[in-house]
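Each remark here refers to the structure printed beneath this line.
The values are calculated or read from the model by the stated rules, or taken from the named source; none is laboratory data. It should be emphasised that the depicted structure is a prediction, and the values quoted were computed from it without experimental measurement. Ideal geometry is used to build each Cβ from the backbone, glycine not excepted, and the neighbour counts take in all protein chains shown. Keep in mind that these areas ignore ligands, DNA and RNA; they rest on the heavy atoms of the full protein, side chains included. Shrake-Rupley method; radii C 1.70, N 1.55, O 1.52, S 1.80 Å.
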Amino acid sequence: MPPPKDVVKIAIQMVGAIPQLIDLQQTKPLASVLKDVCDAWSLPNAERYALQYADGRQTYITESNRRDIKNGSILRLTTSPDQEAEQLYVGIQSKNVDVKTDSLKKLASLSQDVTFAQEFISRNGLKQIYSIVEEGNDTGEMLAHTLKAFTELMEHDFVSWENLSTVFIRKIVSYVNMNAVDASIQQLSLSILENMVPTSRLFFELVKKEVTLDRLLTHLQVTNAELQLKAMALLIALLLSATDAERREMMDYLREKNLRQFIHKNIIHSSEPLGDEMAHYLYVLQSVSLNLCEPRMKTSMDPYSQEQRDLLQSLRQTAFELESEVPAGSFSTERRRSLCVKEFRKLGFMNNSNPAEDLRRAPPGLLALDNMVYFSRNTPNAYSRFVLENSSREDKHECPFARSSIQLTLILCEILHIGEPCSETAQAFYPMFFGQDHFFEELFCICIQLVNKTWKEMRATQEDFDKVMQVVREQITRTLSLKPTSLELFKTKVNALNYSEILKLRQTERLHQEETLAVPVLELREKLKPELLELIRQQRLLHLCKGTLFRKISSRRRQDKLWYCRLSPNHKVLHYGDVEEGVQSPPIESLTEKIPVVDMKMLLVGKECPHTKEKSSGKQNKDVLELAFSIVHDMEEYCLNFIAPTRYEFCLWTDGLNVLLGKEMTSERTQTDLDVLLSMELKLRLLDLENISIPDNPPPVPKPPSNLNFCYDFSHAEQ
């Protein structure tokens, strides 16, 4: 018979003793269990001992987490957390350097455990760590252990970062600014500052003043990838905590220092693969930079602003330079006004007499005017050619430059998500963004010429304006999805995707859709579905067996801690456990935690998950909600919480878990995969029917013949 739910079979080890195999009664107080274990080994003072996992994170067993113990777990009898905390509290104050160093090293390791951390902090242990940092001059191993211990203790959120003293912060800053200091100390110092900056305006100003952008750029240029990552993390934290004016000032300075080009050459195109964390920081940097356009995008043109009116007039003067050179006295005021109206009409403004009215719509607001002026000043030949070429066409066939520019600017803002907040998890950045200053304006210059090219290819009239802009949007999005590495490559690819190519793509998609809507084909689809759904189920389970690396994300920041989860080959047990950075596919034996599939009761997603409800007090991030899911196990009392690295992983894991629970796969990926498989299978089966129309109804079955004498009589075989 299987053991009762409240009993787990475990092994308990102790150095120098024969292990004990016991049935742990989960209803029995932990103090009584410890006394029984100590009595078996004849150990007095059972209250001085505790149990902890022998493998993995070696977490202490407490009344709150004892239900996580699984059958077959190996525990170790060790000194209780309060005793350890007391010993280490004394040890880190020792005058003996070796004792102090060893104590700090052990403290850094044990501080990962929440129970120990609580005991150590309750003894005012953090004050001793502050003293070691503030008063010490050591920059070697002892300091590295001290900073590591501090980081781990602060990770548990028992103490606010705002309690740190200015002296402590300046000391941490000094390690970042030192040249002759170990890289591990600088990494820890950068990590501490990164956590500190978002918590207080005072801390932000202090760090921004003491750790200059030049110093961060120096750290970004090192070959040590981990130090480079931490420097980028602090830079992003500073940018996100800054005011709009400060952020613009910082980005302007970074542009002067050619940060984009450095990232493009030495990080994106580095020989080392780009990690998820760095990809996220590059996405945030791109988003922050593009969002600098937001104020102009949301600002309507002020017809009474002389500066804005001058910009508008410069468009007319650049396009019609020769006409503008005629002396002012040659024309009357009325004649000049009539000429201006005519020229603004040629520029493609809807309101010729008052073109400022066209720019009152926000978005795109003044950003559209900025783009037009940039195009006219930086590519004057292309600008003049665009305007003059369309001026010579018939009225209904001319491509309106201004109207197209305004709509194109709005399209680019939507595609690039300008004005939207940064995601906490996204990693999608455009490599070509980092290869070009004035990226948005240069992209506009390429795309506005694409508008003119597509207009001509479509032989469009004014009535076709919306259709042309839809095609242009499709050309841009399809090309961006290819992730071109430079604007030149983007220009080549987007121009190659001409209107006829778009029509071919649309026709292919339409034919594919039409051929799958015939009644016999729909019936065949339904017959094929069960077989293909089973294929998808097997693929999902195989993916779970392969496993996935998950990150632990707190409400405060993205964390470096990783854990891995995978399904056993027999599909009966879910194995999981913490892993170190760089481990891609740990063996299943190294994952110490287990959940039997039979104990899994329910799958929760999104807002239903307990780890998203815990953060409901703060501003909830939509992206994290979309990636969160939890497994409820053991009579709906305990949950294993996940935040998937990508939406793709979320879909595969939730589908796989639903399969294990005997439920339907509900993710959008299931439908996508099913459509692809059905499409391929149908094409293969209908290959012989190419160019043959399939009737909606089957042909009538003819009546049976009056006799069957025409059948061959096999009884008269040849002799």
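The table below lists the values:
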read-out	value
Hits in region 323-366 (condition: open to solvent by 60 Å² or more (accessible area, probe 1.4 Å), at pLDDT 85 or above and among the acidic types (Asp, Glu))	Glu357
Condition met for Val222 (more than 24 Å from the chain's Cα centre (by Cα) and not assigned by the TED database to the domain that holds Glu424)	yes
Options Ala40, Ala50, Ala46: the member that is surrounded by 10 or more Cβ atoms within 10 Å (Cβ to Cβ), in contact with an Asp or Glu (Cβ under 9 Å, 6 or more places away or on another chain), modelled with pLDDT of 90 or more and more than 14 Å from Arg76 (Cβ to Cβ)	Ala46
Helices (runs of 4 or more DSSP H) lying entirely in region 426-526 (those with 2 or more residues that are among the aromatic types (Phe, Trp, Tyr))	439-458
Considering residues of region 141-176 that are aromatic (Phe, Trp, Tyr) and open to solvent by less than 30 Å² (accessible area, probe 1.4 Å) only, the residue nearest to Arg201 (Cα to Cα)	Trp161
Residues located in region 54-64, provided they are within 12 Å of Asp113 (Cα to Cα) and either at pLDDT 85 or above or of a type in the set (A, V, I, L, M) (or both)	Thr59, Tyr60, Ile61, Thr62
Region 626-668: number of residues that are within 18 Å of the chain's Cα centre (by Cα) and either farther than 24 Å from Gly275 by Cβ or part of a loop (DSSP other than H, G, I, E, B) (or both)	3
Qualifying positions in region 90-109 - open to solvent by less than 50 Å² (accessible area, probe 1.4 Å) and hydroxyl-bearing (Ser, Thr, Tyr)	Ser94, Thr101, Ser103
Residue among Asp182, Asp214 that alone is open to solvent by 60 Å² or more (accessible area, probe 1.4 Å) and either closer than 22 Å to Leu285 by Cβ or modelled with pLDDT of 95 or more (or both)	Asp214
Any hit, region 183-192, residues being more than 23 Å from Gly275 (Cα to Cα) and in contact with a helix residue (DSSP H, G or I) (Cβ under 7 Å, 6 or more places away or on another chain)	no
Residue ID - nearest to the chain's Cα centre (by Cα), chosen from residues in region 113-154 that are over 25 Å from Val176 (Cβ atoms) and of a type in the set (Phe, Trp, Tyr)	Phe116
Some residue of region 199-209 being surrounded by fewer than 21 Cβ atoms within 10 Å (Cβ to Cβ), under 24 Å from Ala279 (Cβ atoms) and touching a residue at least 12 places away in the same chain (Cβ under 8 Å)	no
Verdict on Met432 being among the hydrophobic types (A, V, I, L, M, F, W, C), open to solvent by less than 20 Å² (accessible area, probe 1.4 Å) and more than 19 Å from Tyr374 (Cα to Cα)	yes
Residues within region 374-386 that are part of a helix (DSSP H, G or I), open to solvent by 10 Å² or more (accessible area, probe 1.4 Å) and touching a residue at least 12 places away in the same chain (Cβ under 8 Å), tallied	6
One residue from Asp182, Asp157 being in the same structural domain as Ser122 (by the TED database), on the phi > 0 side of the Ramachandran plot and touching a residue at least 40 places away in the same chain (Cβ under 8 Å)	Asp157
Positions within region 465-485 being touching a helix residue (DSSP H, G or I) at 6+ places or on another chain (Cβ under 9 Å) and open to solvent by 40 Å² or more (accessible area, probe 1.4 Å), in sequence order	Asp466, Lys467, Arg473, Thr477, Arg478, Leu482, Lys483, Thr485
Residue satisfying all of: in region 274-299; of a type outside the set (S, T, N, Q), open to solvent by 30 Å² or more (accessible area, probe 1.4 Å) and in contact (Cβ under 8 Å) with a residue 60 or more places away in the chain; nearest to Lys230 (Cα to Cα) among these	Asp276
Residue pairs meeting the criteria (Cβ under 6 Å; at least 6 apart or on separate chains; first more than 21 Å from Met350 (Cβ to Cβ), in region 407-418; second open to solvent by less than 10 Å² (accessible area, probe 1.4 Å) and small (Gly, Ala, Ser))	none
Filtered residues of region 446-464 (kept if in contact with a Phe, Trp or Tyr (Cβ under 6 Å, 6 or more places away or on another chain) and either surrounded by fewer than 16 Cβ atoms within 10 Å (Cβ to Cβ) or farther than 15 Å from Thr492 by Cα (or both))	Asn452, Glu457, Met458
Residues of region 403-429 satisfying the condition of being open to solvent by 20 Å² or more (accessible area, probe 1.4 Å), over 17 Å from the mean Cα position of the chain (by Cα) and either modelled with pLDDT under 90 or small (Gly, Ala, Ser) (or both)	Gly419
Within region 338-361, considering residues that are over 17 Å from Val373 (Cβ atoms) and part of a loop (DSSP other than H, G, I, E, B), the one nearest to the chain's Cα centre (by Cα)	Arg361
Considering residues of region 110-135 that are of a type in the set (Gly, Ala, Ser) and surrounded by 15 or more Cβ atoms within 10 Å (Cβ to Cβ) only, the residue nearest to Asp578 (Cα to Cα)	Ser111
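Yes/no matrix, rows are residues, columns are (1) hydrophobic (A, V, I, L, M, F, W, C); (2) under 30 Å from Leu388 (Cβ atoms); (3) touching a residue at least 40 places away in the same chain (Cβ under 8 Å):
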| position | (1), (2), (3) |
| --- | --- |
| Ala426 | yes, no, yes |
| Tyr430 | no, no, yes |
| Phe440 | yes, yes, yes |
| Lys453 | no, yes, yes |
| Met458 | yes, yes, yes |
| Lys467 | no, yes, no |
| Gln470 | no, yes, no |
